[in-house]
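Below: one structure, written as structure tokens.
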Amino acid sequence: MEAQPLTIRASADQAIVWKHDRLYLLDQRILPNEEAYIELQNATETAKAIRVMVVRGAPAIGITAAFGVVLAARACFRASPADWRERIQVDLQTLAESRPTAVNLFWALERMRRLFPTVGDEDPEPRLLQEALQIHKEDIAANHAMGDFGASLIAQRTSVITHCNAGALATGGYGTALGVIRSAYSAGRIERVYADETRPWLQGSRLTAWELARDAIPVTLLTDGAAASRMAQGGIDWIIVGSDRIAANGDVANKIGTYNLAVAAKYHGVKVMVAAPTSTIDMAVASGREIPIESRDPAEVLQCGGRQVGAAGVEAWNPVFDVTPATLVDAIVTEKGIVLSPDGQKMAELMAV
Ligand code: MRU
């Protein structure tokens, strides 16, 4: 088949596109100034796109990896139909090593891997593609369910603060935290969204603000350090964020700075809602202490927009996620339901449903 360019208008709901048997990603590194798609040819390119943050956000990373497995299976089967299952192991490893914290990555790879024995001698691509599309579809449905559940917790019209980007761009579409915000806004329960800019990658100012502005949802940007002062002024009932991994006891790993927000929220009597699909819950880790936290290049802190801003020769510490203890979380909202004041027993009950 001739290569066909992707001719769709860039949209947050189409950050991951499978079209003409090809995988395209909206390049989130250059939003909002440029809207461009990148085509990925194989698992190595897919892993690189995840590592360098062409695509980011836990559910979106998982969905992308699932499509990466489809590309890998295509190449391995074409090279050697008899032993594609052995050959593909290297690609699975490459994808698994792309980013460590978002458990959705490992969840999606495992879901794809489980199908390998069921395919028989035929070409595995159609079956694996069907599964990757299903993972994508289920994630969108989960976000809409979470949107309804989360909105039901917002008792009165209020402004909210969100952190990083947990929107359509970070998921299959609609978003986790932004899904709740979208549903609550439609129901008239949200006045305004305050979006932390989210240093150093600026997912808040570049991506969350872009998504909300496109939906005409009132959004105001804050530097990360301004959130506590905004809470002190009143009118903020909820912090609403997503997650990269939730431990069995309800501890939540999310973008660095989420913990600061939760501590400040406790002091100001503001509630904390974490919206995440059950694919983000890792019952194999007992507490947040066991969650691997990604550390990225210090240059990301020392630079801004590619320009050096840190003093020459200084060091920078760049953990890109932190852990908010379950005791600081008022509600975990999933597609299966809501867990109020999460703890180990309640998380186990949710996952048993
Ligand atoms: O480093 P990122 O941009 O991948 O971090 C993303 C986040 O921390 C999100 O809040 C999280 O993945 C939830 S996305 C629905």
Calc'd 3J(HN,Hα), region 196-204, phi into Karplus 6.51 cos²θ - 1.76 cosθ + 1.60 (θ = phi - 60°), Hz, glycine/Pro = x, comes to 4, 5, 6, 5, x, 8, 6, 4, x
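Can you tell me how much longer the chain between ILE8 and TYR267 gets when fully stretched, taken as 0.36 nm per residue apart minus their C-alpha distance, in nm with one decimal? Show your work: numbers first, answer last.
Details: separation 259, 0.36 × 259 = 93.24 nm, distance 4.62 nm.
Working it through step by step, the gained length comes to 88.6 nm.
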Taking placed amide H atoms and a strict 5 Å upper bound, the residues 5 or more places from ARG199 or on another chain that come that close are ASP224
Under the Karplus relation with 6.51, -1.76 and 1.60 and θ = phi - 60°, whole-Hz ³J(HN,Hα) for region 108-125, x at Gly and Pro, equal 5, 4, 5, 5, 6, 4, 4, 7, 3, x, 7, 7, x, 8, 6, 4, x, 4
At q = 0.07, 0.13 1/Å the base-10 log of I(q)/I(0) from the Debye formula over the alpha-carbon atoms of the chain is -0.28, -0.98
Beta bridges per DSSP with both ends in the chain, % antiparallel, nearest 5 | 50 percent
Phi-derived 3J(HN,Hα) across region 326-332 with the Karplus relation (6.51, -1.76, 1.60, θ = phi - 60°), rounded Hz, x for Gly and Pro, is 4, 5, 9, 9, 7, 8, 9
Mind listing the long-range amide H neighbours of ILE256? Cut-off is under 5 Å, sequence gap 5 or more, other chains count too, H placed in the peptide plane at 1.01 Å from N.
-> PHE321, ASP322
At 7 Å along the Cα-to-beta-carbon direction for both GLN308 and GLN233, put a label point, then send me their distance in nm to one decimal.
-> 3.7 nm
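According to the Kirkwood expression over distinct Cα-Cα pairs, how big is the hydrodynamic radius of region 12-140, in Å? Spell out each step's value before the answer.
Details: mean 1/r = 0.0689 Å⁻¹.
Evaluated over region 12-140, this radius sits at 14.5 Å.
Mind putting a number on the dipole of region 12-140 about its Cα centre? Charges go on the C-beta only, +1 for Lys and Arg and -1 for Asp and Glu, and I need it in Debye to the nearest 20.
On the way: 16 positive and 19 negative charges, 52 e Å.
So the dipole magnitude of region 12-140 works out to roughly 260 debye.
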Give, as ranges by residue number, the residues of region 242-257 whose backbone N falls under 16 Å from the point 7 Å along Cα→Cβ of SER295.
-> 256
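Once the mean 1/r over all distinct Cα pairs of region 94-189 is inverted, what Kirkwood radius in angstroms do you read off? Please list the in-between numbers first.
Values: mean 1/r = 0.0649 Å⁻¹.
In region 94-189 this quantity evaluates to 15.4 Å.
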5 angstrom amide H check on ARG192, placed H, neighbours 5+ away | SER159, VAL160
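What is the antiparallel percent of DSSP beta bridges lying wholly in region 142-352, to the nearest 5? Walk me through the numbers on the way to the answer.
On the way: 14 of 34 bridges.
About 40 percent, rounded to the nearest 5.
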Over region 259-353, what is the mean sequence separation of C-alpha contacts under 8 Å (at least six apart), divided by residue count, expressed as relative contact order in percent?
-> 33 percent
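For region 142-352, rounded, prolate or oblate, judged on the Cα gyration tensor with a ≥ b ≥ c (square roots of eigenvalues), a/c < 1.5 rounded, else prolate if a/b > b/c?
Details: a/c = 1.64, a/b = 1.19, b/c = 1.38.
Since a/c reaches 1.5 but b/c is at least a/b, the shape of region 142-352 is classed as oblate.
Would you please put 60-68, 195-203 in order of how densely packed they are, using the mean number of other Cβ atoms within 10 angstrom per residue and starting with the highest? Walk me through the intermediate numbers first.
Values: 60-68: 28.7, 195-203: 23.0.
Answer by packing, highest mean first, reads 60-68, 195-203.
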Work out which trypsin sites (Lys or Arg not before Pro) in the chain are exposed loop sites (DSSP not H, G, I, E or B, at most 13 other Cβ within 10 Å) and give the longest gap free of them.
-> 158-353
Spatial separation of Cα centroids for region 123-166 and region 187-203, in angstrom = 18 Å
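FYI, it's all coordinate maths here, none of it is from the lab. Source: prediction; values computed, not measured. When we count neighbours, we look across all protein chains shown, and the Cβ atoms used for this are built from the backbone with ideal geometry, even at glycine.
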